[in-house]
Amino acid sequence: MNHQTVSSFQIQGLNCASCAGRAEKALNAVAGVTTASVNLAAEVAQVSYSAPANTTEILDALSGAGYPAATQQVTLEIEGMSCASCVGRLDKALAAGNGVVDVAVNLAAETATVRYALKATTVDEIIAIATVAGYPAKPKSDTPSETDDRALRKASEITRLGWLTLIAALLALPVFAIEMGSHFIPGVHHWVMTNIGLQNSRLLQFALTTLVLFGPGLRFYRIGLPALLKGAPEMNALVALGTSAAYGYSVVATFLPQLLPNGTNNVYFEAAAVIIVLILLGRYLEARAKGRTGEAIRKLAGLTPKTAWVERDGDVVERPIDDIVQGDILHLRPGEKITTDGVVLSGNSFVEESMITGEPAPVQKREGATLVGGTINGEGALTFRATEVGANTVLAQIIQMVEQAQGAKLPIQGLVDKITAIFVPAVLVAAALTFALWLTFGPDPALSFALVAGVSVLIIACPCAMGLATPTSIMVGTGRAAEMGVLFRKGDALQMLQETSVVALDKTGTLTEGRPELTDYTVAKGYLFDDVLRVAAAVESASEHPIAKAIVHAAAEKNMTLPMVSDFTSITGYGVRAVVDDKQILIGADRLLTREGIAQEAFQAQGTQLGLSGKTPLYVAIDGVAVALIAVSDPIKKTTPAVIKTLHDLGLKVAMITGDNQGTAKAIAHELGIDHIVAEVLPGGKVDAVNALRTGGKIAYVGDGINDAPALATADVGIAIGTGTDVAIEAADVVLMSGDLNGVINAFDISQRSMRNIKQNLFWAFGYNVVLIPVAAGLLYPLYGVLLSPMLAAGAMSLSSVFVLSNALRLRWAPSAHQP
């Protein structure tokens, strides 16, 4: 009989008893659900179920019915993970937890990000699952004090590993010198036999090796042996088994030699001791390299100053950053870091924002300008009001985005997970098989050969490199991207971008400056342009569209007083409608007048010509009569032509999707060398255009406005210009912090470099194991008489992880498109 699980789920969207009934019906339809009841007042569903039902299927059923379950995400700091097997084991344990929706375990960052259904489980229960699995956990905190504590703990662990390695090396050196020196230098063997004696030398090696194994090396046994006994072996278990075999055999040879066959009375204390030294050295180098993979995050976190000058009771006093609250008035001196997001109240200065946006030029700030915490003030003094503090600041959100991207699991990781799940057990089988084959078919002394080969197989196998191959490249790559002002909101965009074949771009604000200017006009007989402009500007003053702002700006330059507007309506994709001075005003594209049945023949030829020259023609109608044609032009950004050329050089097709008319779109496309044009589209049409362009490959869409949000969400990779709207940014996978299109090139470049780096790491990690495990098992012995020493195996294993980390760290020096 299947085990029954009873879980509660917080449900969203319940408005009435019918909603509750529909949600219950959807839940009861899931195979394996025994009973389901929905409490409308509490907005909670209680479900009793058994296999094949699980949390994911229950949540899918609720979402399909239109009543999604509320979920929450927590990032945990994990202790005790040492290799890919640990990642797989913890991932499996957490994913099996009641109420857990999805899990991403990151070996390089030593974190686990868990999304779970509210009411079904709690953070404490999730932590308990991790702890029971052998990996103590605690919630990750990003407060400045906690971040500092975390950095101190990491630094302390690196220092401790360094000291352990040094102590182990000093203890192992005499053991290595006595045993290996006796083998290779006749004089050393003679000196040992004459001055120390064979048995005394073995006793000395026993004493020193015991200190190495149960001193600095105790960590491997404390973690590895319990894991082995639980039937869940990992990296530490391989080290513990290998060194225990060499040490145990040597102890028998030293104290009970009569138990061993003739010719096999050899000791391998030096192998056990040196293996511990080399693996500790590898862990030390690995910890240092791991620390550097998260350097971008630490740099970002370090941008926030510890204190601020704030007004309190009429005085300006210095206070800790944690004391600052929204609405506080802060004073900024020349050269100081800006403490938090705010708006300038007084003063004039230039602010260095390159650490946030990637833009090299300082930006002028005066009254009304926005400030971003972590940026650096120039030579002027500023007074500003804090608008956002703590976790709500731009910098805090950037750090959160980067950390989420760094904790992501790319599609390429799927194969790695499948292999690492069986890797350590397979190595144990391979080691046992190697030992048995050597013992059965090996030359005399067969037991000695069998021991050396079996231990070498255990020691040389390196699941660490496989576990680190992908996450280290993601961490360094996304961190470097953040330094360039490119934020990967979703980690899998890193892989998707590299697989993209078409880049579609919105025109306004993306290819162009997004600040159109009124350039041409024609009015019907009986009308004055200033009268038309006054009415048009009044209507457009209620709109946020860049073209509307151009018309308002033209009126402002003439110092016009605008009349009152009523009944304003935005007709998405067409234009606007309003009432001014009791007259119905329509302003928009020619299709708006066509839709309303208003004749426009008097302006049509000129409108077509303006469109062909790359300008946007707009028609003004008053009380059902077309009275004016206005042309607005949006200048192309200076960087746009070079970016389009670079995208072509990368082998990508470039498309432009715009709501502008065909003539305007063609003129711009011809000037820039764009491959595909989709013009005169509504927001829904942009989605259709993105889908139509997705022929035989993935598509990336670049945009910045509210009307770009559906297309950004539909594209395989949505890239939002950070100077755009919050809606667009929320819908995107990648955010460019500045309006510079070079950020698109940087995003593609980092994607390609990161994926190439991941593939190099995976090739090394898998190739290393595939080639060297057979060598360690004795593959070369029949041909060349060579049998790999366990000490060389330990050295190779340690260097394997260091190689992967060092290769990933090369991404730190990826050049920016701003650089020559």
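Output the strands (runs of 3 or more DSSP E) that fall wholly within the stretch 467-577 and possess 3 or more residues being in contact with a strand residue (DSSP E or B) (Cβ under 8 Å, 6 or more places away or on another chain) and open to solvent by 40 Å² or more (accessible area, probe 1.4 Å), or say none. First the steps, then the outcome.
Numbers: elements: 486-488, 500-506, 517-523, 565-571.
Once the strands (runs of 3 or more DSSP E) in the stretch 467-577 are filtered for at least 3 residues that are in contact with a strand residue (DSSP E or B) (Cβ under 8 Å, 6 or more places away or on another chain) and open to solvent by 40 Å² or more (accessible area, probe 1.4 Å), what remains is 517-523, 565-571.
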Item to check | Subset of the stretch 752-779 (residues that are hydroxyl-bearing (S, T, Y) and in contact with a Phe, Trp or Tyr (Cβ under 9 Å, 6 or more places away or on another chain)) | outcome: Y768
Item to check | Cβ-Cβ under 8 Å pairs, at least 6 apart or on other chains, the stretch 579-608 side at negative phi, far side open to solvent by 80 Å² or more (accessible area, probe 1.4 Å) | outcome: V579/D567; V580/M564; K583/D623; Q584/D623; A589/E680; D590/Q604; R591/E680; Q600/T594
Checklist entry - Somewhere in the stretch 300-313, is a residue open to solvent by 60 Å² or more (accessible area, probe 1.4 Å), at pLDDT 80 or above, within 30 Å of N807 (Cβ to Cβ) and within 35 Å of the chain's Cα centre (by Cα)? => result no
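Quick check: is even one residue across the stretch 352-361 crowded, with 17+ Cβ neighbours inside 10 Å, at pLDDT 90 or above and farther than 12 Å from V310 by Cα? Show your work before the answer.
Let us first name the residues in the stretch 352-361 that are crowded, with 17+ Cβ neighbours inside 10 Å, namely 352-359.
Filter once more, keeping what is at pLDDT 90 or above: none.
Scanning the stretch 352-361, I find no residue that is crowded, with 17+ Cβ neighbours inside 10 Å, at pLDDT 90 or above and farther than 12 Å from V310 by Cα, so the answer is no.
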Checklist outcome for this item: Here the qualifying pairs (Cβ atoms under 8 Å; residues six or more apart or on different chains; first in the stretch 152-171 and over 22 Å from A273 (Cα atoms); second surrounded by 15 or more Cβ atoms within 10 Å (Cβ to Cβ)) come out as K154/A287; K154/G291; A155/G291
Item to check | Every residue from the stretch 441-466 that is open to solvent by less than 10 Å² (accessible area, probe 1.4 Å) and touching a Ser or Thr at 6+ places or on another chain (Cβ under 6 Å) | outcome: S448, A453, G454, V457, C462, P463, C464, A465, M466
Checklist outcome for this item: Across (1) in a loop (DSSP other than H, G, I, E, B); (2) in contact (Cβ under 8 Å) with a residue 40 or more places away in the chain; (3) of a type outside the set (A, V, I, L, M, F, W, C), K638 clears everything bar (2)
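How many residues are under 16 Å from G335 (Cα atoms) and open to solvent by 20 Å² or more (accessible area, probe 1.4 Å) when one looks only at the stretch 367-407? If you could, list the steps in order and put the result at the bottom.
Looking only at the stretch 367-407, we keep the residues that are under 16 Å from G335 (Cα atoms), and these are 371-384.
Then keep just the ones that are open to solvent by 20 Å² or more (accessible area, probe 1.4 Å); that gives 372, 376, 378-379, 381, 383.
Residues in the stretch 367-407 being under 16 Å from G335 (Cα atoms) and open to solvent by 20 Å² or more (accessible area, probe 1.4 Å): 6 in total.
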Checklist entry - Regarding T254, is this residue open to solvent by less than 50 Å² (accessible area, probe 1.4 Å), of a type in the set (S, T, Y) and modelled with pLDDT under 70? => result no
Checklist entry - Within the stretch 587-610, can one find any residue that is within 47 Å of the chain's Cα centre (by Cα), part of a strand (DSSP E or B) and buried (at least 18 other Cβ atoms within 10 Å of the Cβ)? => result yes
Next on the checklist: Of the residues L90, L14, only one is modelled with pLDDT under 85 and aliphatic (A, V, I, L, M); which?
Outcome noted: L14
Item to check | Residues located in the stretch 728-766, provided they are touching a His at 6+ places or on another chain (Cβ under 7 Å) and open to solvent by less than 10 Å² (accessible area, probe 1.4 Å) | outcome: none
Checklist entry - In this structure, does T695 turn out to be in a helix (DSSP H, G or I) and within 28 Å of the chain's Cα centre (by Cα)? => result no
Checklist entry - Quick check: anything in the stretch 669-687 modelled with pLDDT of 85 or more and either open to solvent by less than 10 Å² (accessible area, probe 1.4 Å) or within 28 Å of the chain's Cα centre (by Cα) (or both)? => result yes
Item to check | Unique match (being in contact with a strand residue (DSSP E or B) (Cβ under 6 Å, 6 or more places away or on another chain) and under 28 Å from I127 (Cα atoms)) among S37, S50, S7 | outcome: S7
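Would it be correct to say that T658 is open to solvent by less than 10 Å² (accessible area, probe 1.4 Å) and of a type in the set (S, T, Y)?
Numbers: open to solvent by less than 10 Å² (accessible area, probe 1.4 Å): yes; of a type in the set (S, T, Y): yes.
Here the answer is yes, as T658 does meet what is asked.
Listed here are the residues, each with its yes/no results for (1) more than 18 Å from G248 (Cβ to Cβ); (2) open to solvent by 40 Å² or more (accessible area, probe 1.4 Å).
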site: I185; (1), (2): yes, yes
site: V192; (1), (2): yes, no
site: A207; (1), (2): no, yes
site: L213; (1), (2): no, no
site: G217; (1), (2): no, no
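In the set P411, P425, which member is in contact (Cβ under 8 Å) with a residue 60 or more places away in the chain and more than 24 Å from L238 (Cβ to Cβ)? First the steps, then the outcome.
Working: P425 fails: more than 24 Å from L238 (Cβ to Cβ).
Just one listed residue meets the conditions, P411.
Table: residues versus (1) under 18 Å from A271 (Cβ atoms); (2) under 40 Å from the mean Cα position of the chain (by Cα); (3) at pLDDT below 90; (4) not hydroxyl-bearing (S, T, Y).
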position: F176; (1), (2), (3), (4): yes, no, yes, yes
position: G197; (1), (2), (3), (4): no, no, yes, yes
position: T210; (1), (2), (3), (4): yes, no, no, no
position: P216; (1), (2), (3), (4): yes, yes, no, yes
position: R219; (1), (2), (3), (4): no, yes, yes, yes
position: A227; (1), (2), (3), (4): no, yes, yes, yes
position: P233; (1), (2), (3), (4): no, yes, yes, yes
position: T243; (1), (2), (3), (4): yes, yes, yes, no
Checklist entry - Only one of (1) at pLDDT below 90; (2) at negative phi fails for Q760. Which number is that? => result (1)
Checklist entry - So which of L762, L805, L788, L783 is outside any helix (DSSP H, G or I) and either more than 30 Å from T639 (Cα to Cα) or under 27 Å from the mean Cα position of the chain (by Cα) (or both)? => result L788
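Would you check if L410 is part of a helix (DSSP H, G or I) and surrounded by fewer than 23 Cβ atoms within 10 Å (Cβ to Cβ)?
Spelling it out, it is not the case that L410 is part of a helix (DSSP H, G or I) and surrounded by fewer than 23 Cβ atoms within 10 Å (Cβ to Cβ).
The values are calculated or read from the model by the stated rules, or taken from the named source; none is laboratory data. Keep in mind that what you see is a predicted model, and the values were worked out from it rather than measured. Counting neighbours? That spans all protein chains shown, and the Cβs are built from the backbone with ideal geometry, glycine included. Calculation scope for accessible area: heavy atoms of the full protein, side chains included, ligands and nucleic acids excluded. Shrake-Rupley method; radii C 1.70, N 1.55, O 1.52, S 1.80 Å.
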